[in-house]
Structure formats: structure tokens, C-alpha cells
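All remarks here apply to the structure that follows.
Values quoted throughout were computed directly from the atomic coordinates according to the rules given, and no laboratory measurement underlies them. Only a predicted model underlies this, so the values are computations on that prediction, with no experimental measurement involved. Note that we place each Cβ from the backbone using ideal geometry, even for glycine, and neighbour counts take in every protein chain shown.
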Amino acid sequence: MPTVVHGFDWPDRVLVGTIGGPGSRAFYLQVREGRRVVSVLLEKQQAALLSEKIEQLLDGLMTTDSPVAIPAEAPPELVDSAPLEPVDEQFRAGTLGLGWDPSRAQIVLQAYSDQPLSDDDADEEQPAEIVAVRMPVGTARAFVQSTRAVVQAGRPLCPRCGHPMDPDGHVCEQPGLV
């Protein structure tokens, strides 16, 4: 059985959003193209790292002799801070991939399912599903900005130990504090 690939070449919407309150949020990468919507469950750390790596890639492209104009800031009209559309989880992301397609001037994001194919004949484990998203550079900058906002909207951090504080209290874990 071959890997199922959900490809999005020019998505209408690509964002990271959450379901649930701070401390118990589930993070989703959601992509929409026309009426087709795919939602992939992510870890918070995956979302944070994804935005960081996309920003590094875009910043690196700005320093090369690329014929593509890379915006230094996200175009405000492209920043998507609206809630997720109804979520029907496609799969949980295991590995994420990131690349640059110079022929189309797009960032390429791939989310691989954490479930391998059950084909015993395969030499290497292959993911059962992949979401492959191509984003223009302006959309990618906006994705970085909105993803960071979502990640940072969680529980406030303790100023002493840096760990998240729960709404019902916090026991500081810094040595020497009671």
C-alpha cells in the first residue's frame, strides 16, 4: 500500500491553531485549498521549531543573490489569526520537513505521519501519510508570525524558574526557593 500524499500547491489557508485552554491545548497544522481541509496534530515544540526554521530559511534567502524578493516582515493582509476550521484530525505528525523550491519561489513544508506503512516487504519504514504544503514567501512570513503568537499565547512563565504557571497555582522549582 503506497503512502497517501495530501498535496497543497497554492493553499488558501495554512496555519497552526489550537483547541483547548492554556495548559491543555492541542496544536494543529491546518491547510485548506478550496473545500479540502486537512488537520495534522502537532506538539507545541514542533510548532515553535517549525516557525523558527522557516524564519531562518527566509532570512538566509534574503542574504543570497536570489532573484526572489523575500519580505523582511509579514504582509499584514496575509497574517491569519482566525480560529481553526472544524478539525477532523488526519494524523499525528512524527517528522517535519522543510525546504525551498527555487523554481516556484515557495517554501515547502512536509508533515509525515508517525504511523509507518504496514508493508512487510519495504526495505525502510515509510510513513502512511504525508501532508505537503507549498507556500509563497509572503505567506510563509505570515505563517511564522501567526504560529509564534499561538505558541506564546499559552500559560505565563514563572519569572523565577521559567516554567509555565497553572491558573490554580505554581510551585517554583528553582533551587533555594520555597
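The table that follows gives values for the structure above.
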item	result
Summed side-chain charge close to Phe27 - residues other than Phe27 whose Cβ falls under 13 Å, Lys, Arg +1, Asp, Glu -1	+2
Candidates Asp80, Asp168, Asp114: whichever shows maximal mean-square fluctuation once the chain is modelled as a Gaussian network with Cα springs under 10 Å	Asp168
Distance between region 35-84 and region 137-170 - C-alpha centres, whole angstrom	16 Å
Neighbour net charge for Cys158 - beta-carbon separation under 13 angstrom, K R +1, D E -1	0
Rounded to the nearest 20 debye, dipole of region 1-154 from Cβ charges on Lys, Arg, Asp, Glu	720 debye
Helix 137-152 vs. the chain, principal-axis angle (Cα, 0 to 90°, nearest 10)	20 degrees
Virtual spin-label span in nm between Glu77 and Thr63, 7 Å along Cα→Cβ	3.2 nm
Extended-chain gain in nm, criterion 0.36 nm per residue less alpha-carbon gap, Arg104 and Val5	33.7 nm
Residues of region 6-37 with amide N under 19 Å of the 7 Å Cα→Cβ point at His170	21-25
